[in-house]
Structures are given as structure tokens and as C-alpha cells.
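Heads up, the thing below is written out as C-alpha cells.
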Amino acid sequence: MKKNMKKKTKKLKPSPPKTSPLNLSLYSLGCTKNLVDSEILLGDLLASGHFVLSHPNDAHILIVNTCGFIQNAKEESLHTLRQAAKLKKQGPCHTLIAIGCLAQRQPKELQQLVPEIDYVLPLQHYQQLPAILENVAAKRIPVRTKQSVYPEIARFRLTPRHYAYLRISEGCNHTCSFCVIPKIRGKHRSKPIEYLLQEAQELVHDGAKELNLIADDSTYYGTDLYGKPSLPTLLEQLNSLPNLHWIRIFYAYPNTVNDELIQAISSLERVVPYLDMPIQHISDPVLKAMKRGTSQRIRDTIQKLKNRIPQLALRTTVIVGFPGETEQHFQELLRFIQETQFQHLGIFAYSPEKGAPSQHYPNQIPEEVRQERCQILAEVQKNIVQKINSKKIGQTLTAMIDDQPSPGLYTARSPENGPEIDNLIYFRSPLPHQIGDFIHLKITNLVDDYDMEAQPILEKSLRSAL
Ligand code: SF4
């Protein structure tokens, strides 16, 4: 994901930098957690008196927030760094900085592959960047310090105003054999509830009507601070924030989705009936090799969720072609996906990651088989979504207006669709709607495999009513 800066500067009262202000531009790649890091960093840099440019060509400093999660993401990060290196040779840019997961994992390799990089900054050193910019002439790579959490306020938002991501914790205590996140981001550290309320209030004050809660493992939230999983308590407190309309949970770990959380999702009116809960697989031998619990546990959790919240939109993620995945295991996964009818499904072909135990597992699956299984599953999911969406034709729903791609044409999302990754509803209206307004829509048609078309049935903003 590459975000373009939409505005040249943010209306902050910056403190003047000790040196002349610098023009900066940032490429944000990878997941929403990286996006939040980018927003915090840009907020800090603006507050230090520097300028953020929408176009990298004129920037003195180019920052690439890299992603190192899977092979494709690494390649995209390297490609972006090389593009930035080209600009450094041609334009006013004199300093290229790599930050983010890949910078954390492979700092030396990055500098070897892209020698134009001046600084490689690990995650926990973001706060030092304004200070580093004061002294851009001194080339150095900072050393590790103890990881900590802090309130992530005064962010330079890269998302549209009407929704934002709220990162509730950092790191992960699980040991999934394919994943290097615990090595990159460290052990789980929850942010205290009071920090999160402060951040949420700031985001809402800045126009966010929807907060998307993210973490590496959101259902572990609070266990380290309060002695028990405390996501339900956090949800309760967020639920009472004025002017916040939708709260959405991402990255739930199936084994720790408990009754209290299900009760919170079903009873708190601002928590949307949506849950992102990556399962990764369903076949026991594969789950065991992944170190991710049992099939029965996942099945029980899903059953409970469906019984207690019938309207719940479930999103999950699966990995196909994990080492040792036989045709039989894959067929079991296919059957499960067909039975469960997830509203949203992310499908990844397994990619062996340097530093992850599964990299050395025997019975690695050939790349073409992994890709083929990916395509088969994608085809199955396409049919499921079409079936789910077809049933919605003729129904009315309340949606949040997300964008206006062209005059008179809008896109919107219902509560069962998360921003940027899920399905959209297109509608036409001659009225000048505001992005972020709520509107009643009647679904009329399917646009393609995933998106739908609708007619507005109330040509009036519902903002005040909601
Ligand atoms: S729970 Fe998620 S972040 Fe944690 S180790 Fe497993 S895959 Fe990685």
C-alpha cells in the first residue's frame, strides 16, 4: 500500500527546527500498523518545523517505511527504495532513510542492496528522527534501546479524515512458525487504556467517525497490564466517546476470542458486527506445524460467534502451500471455507521467511502448487461473496460515504466492510454529499465479483441522526 500525501502541510503550530526546515516526503508501505507509524512520524516531523511534501521530487529527505512481512512486500520495499535512490541522484534529495519492518530485520542487507540509503532506523527509534534530521550530515545507524509504548498523538493522518487506525498494542507473544513479527516487533506490550482514550479522542476531534483497532494480536490486549484480556473493557470505554460512530476490531486471535468479547461486540452499539480473525488454516496437522492451536478450537469459536451474533461479518486470512500441506489438507481447508462462508477472505501463498522456523521445515511445497492452490481458493471465495451479495439486492442499509471518484458518483461502506480491504457500494447522486456522511442506500445490483451498486433512499445526511 502506497499512500500519497494529500496536503502539503498540516495545520499544526510547529516549533521551529534548530536548523533550516527541510522538505520531506514519505512512502508508506505494508500494513495498517506501518501506516500508523508513518502518521506518528510525520506528526513529529511537522511539529519539529519541517514540511511534508505531496510529491517526492522536491524533497530534501526521502523516507521509506518498509514492509518485510512476505516476499512480495520485501520486493515492493526494495523497488521503492531504489526509486527513491534514483531521485536522490537526480534531484534536491540529499538524505534517504529506510524505516519499518524490513529495516528492522535486515538493516545491513538493505544498505548493501541500496547503498544510497543514509540511515536505517529500527522501529523503536522513530522518535529520534527529528533529532537525526537536525544533524543529517552525521551518518550513523542508531543502536537498539528498550522497547516501549507511548501515546501516539499528533499524528499526520494519511487516511481520509473520516476513519483512522488505533493501534492498541505492539508486538506478539505467539510463536507461529511462519512469522517473524515477534522478532521484529518484540513481545506484546499493551498501551494503557488512558493513553488509548486520549488518542481516540484526538482522532475523533480530527474528524474520525470510525476507529479501526489494530495490533499484532488484539485479543491479548491488556493481559500484560491488567492481568487479563481487556479488549472488552477498552471497547466499553471507547463506546461512550461522543461523535465516534463505528468501532471495528482487526487481528483477533481465534483461541482468545472469549465470551466477554463476543458479548461486547454483540451489545455495544458502536462496535460494528464485524471481526477480523485470521485462522491461517483448518487442518490439524498444518495448524500443529504452524503452532496455532487446534481445528476444533477454531470451529467452536466460529460457531459461538455465529450463534451469538448472526449478522456478524467475519473476515479471515489463510495461508496455502505451507510446508507439509498435502492435497488432503488443502481439500479440508476448501471444504471449511465453503461451509463457513466468510464474508471476507485474505489468501496468501506461503512464502518462506528468513528467520522463521518454517523456513527450514521439510516438505516445502513447490511455488507453482502454492500459487495454484491460491487461485483455486480465490475462485471458491469469489462464488461465496457473489452468493452473499446477491442476497442483499433489494435490501436497505446505512452506509458511510467513503469517496467521490467522479462528479455525482460516490462509494460507501456498510458496517460489515472495513476500509481499504473490503467491498464497496457505488451510488450516484446529484446532491453534494460530504465524505464521511452516513446515507441510507438500497442495493440494486452487483458491480463486479465483490462490489455492489445502490440507490440513495434518503437524500439527506444522517450525520446528526446517528
Ligand atoms: S499471532 Fe500473528 S503476529 Fe503473532 S506470531 Fe502469529 S502470525 Fe505472527
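The values are calculated or read from the model by the stated rules, or taken from the named source; none is laboratory data. Here the structure is a predicted model, which means the values were calculated and not measured. Note that each Cβ is placed from the backbone with ideal geometry, even for glycine, and that neighbours are counted across all protein chains shown.
Is it the case that GLU372 is surrounded by 14 or more Cβ atoms within 10 Å (Cβ to Cβ), more than 22 Å from the chain's Cα centre (by Cα) and among the charged types (D, E, K, R)? Answer is yes for this residue. For ILE435, the conditions (1) free of Cβ contacts under 8 Å to residues at least 24 places away in the same chain; (2) closer than 19 Å to LEU211 by Cβ are fulfilled apart from (1). Each residue in segment 71-106 was checked for being surrounded by fewer than 18 Cβ atoms within 10 Å (Cβ to Cβ) and within 17 Å of the chain's Cα centre (by Cα), and 1 of them qualify.
Counting the residues of segment 416-430 that are at negative phi, surrounded by fewer than 21 Cβ atoms within 10 Å (Cβ to Cβ) and touching a residue at least 60 places away in the same chain (Cβ under 8 Å) gives 3.
Return a yes/no flag: does segment 329-340 have any residue that is of a type in the set (Val, Ile, Thr) and either part of a strand (DSSP E or B) or surrounded by 14 or more Cβ atoms within 10 Å (Cβ to Cβ) (or both). Before the answer, list the steps.
Here is the first cut: in segment 329-340, the residues of a type in the set (Val, Ile, Thr) are 337, 340.
Imposing the further condition that a residue be either part of a strand (DSSP E or B) or surrounded by 14 or more Cβ atoms within 10 Å (Cβ to Cβ) (or both) reduces the set to 337, 340.
Scanning segment 329-340, I find at least one residue that is of a type in the set (Val, Ile, Thr) and either part of a strand (DSSP E or B) or surrounded by 14 or more Cβ atoms within 10 Å (Cβ to Cβ) (or both), so the answer is yes.
ASN239 fulfils the conditions (1) touching a strand residue (DSSP E or B) at 6+ places or on another chain (Cβ under 9 Å); (2) of a type outside the set (Val, Ile, Thr); (3) within 24 Å of CYS31 (Cβ to Cβ) except for a single criterion, (3). Among the residues of segment 162-172, not one is at pLDDT below 95 and more than 16 Å from ASN34 (Cα to Cα). Could you grab me the full set of residues in segment 202-229 that are surrounded by 21 or more Cβ atoms within 10 Å (Cβ to Cβ) and among the hydroxyl-bearing types (Ser, Thr, Tyr)? Those that are surrounded by 21 or more Cβ atoms within 10 Å (Cβ to Cβ) and among the hydroxyl-bearing types (Ser, Thr, Tyr): SER218, THR219, TYR220, TYR221.
Can you name every residue in segment 421-453 that is farther than 17 Å from VAL385 by Cα and under 25 Å from the mean Cα position of the chain (by Cα)? Lay out the reasoning, then the answer.
Residues of segment 421-453 farther than 17 Å from VAL385 by Cα: 427-442.
Residues satisfying the conditions are GLN434, ILE435, GLY436, ASP437, PHE438.
The residue pairs whose first member lies in segment 106-126 and is in contact (Cβ under 8 Å) with a residue 60 or more places away in the chain, whose second member is hydrophobic (A, V, I, L, M, F, W, C), and whose beta carbons are closer than 6 Å, counting only pairs six or more residues apart or on different chains, are TYR126/LEU41.
Counting only residues that are basic (Lys, Arg) and part of a loop (DSSP other than H, G, I, E, B), which one in segment 178-220 is nearest to ILE365 (Cα to Cα)?
Looking only at segment 178-220, we keep the residues that are basic (Lys, Arg), and these are 183, 185, 187, 189, 191, 209.
In the following step, the residues that additionally are part of a loop (DSSP other than H, G, I, E, B) were identified as 187, 191, 209.
Numbers: LYS187: 30, LYS191: 39, LYS209: 44 Å.
If we take residues in segment 178-220 being basic (Lys, Arg) and part of a loop (DSSP other than H, G, I, E, B), then LYS187 is nearest to ILE365 (Cα to Cα).
Which of (1) over 23 Å from the mean Cα position of the chain (by Cα); (2) outside the structural domain of PHE322 (by TED's automatic domain parsing) is the odd one out, the single condition PRO415 does not satisfy? PRO415 satisfies all of (1) over 23 Å from the mean Cα position of the chain (by Cα); (2) outside the structural domain of PHE322 (by TED's automatic domain parsing) except (1). Meeting the requirement of 2 or more residues that are without any contact (Cβ under 8 Å) to a residue 12 or more places away in the chain and within 16 Å of the ligand (Cβ to nearest atom), the helices (runs of 4 or more DSSP H) wholly within segment 221-290 are 284-290.
Once segment 291-322 is narrowed to residues that are touching a Pro at 6+ places or on another chain (Cβ under 7 Å) and in a helix (DSSP H, G or I), the residue that is nearest to GLN375 (Cα to Cα) is ILE298.
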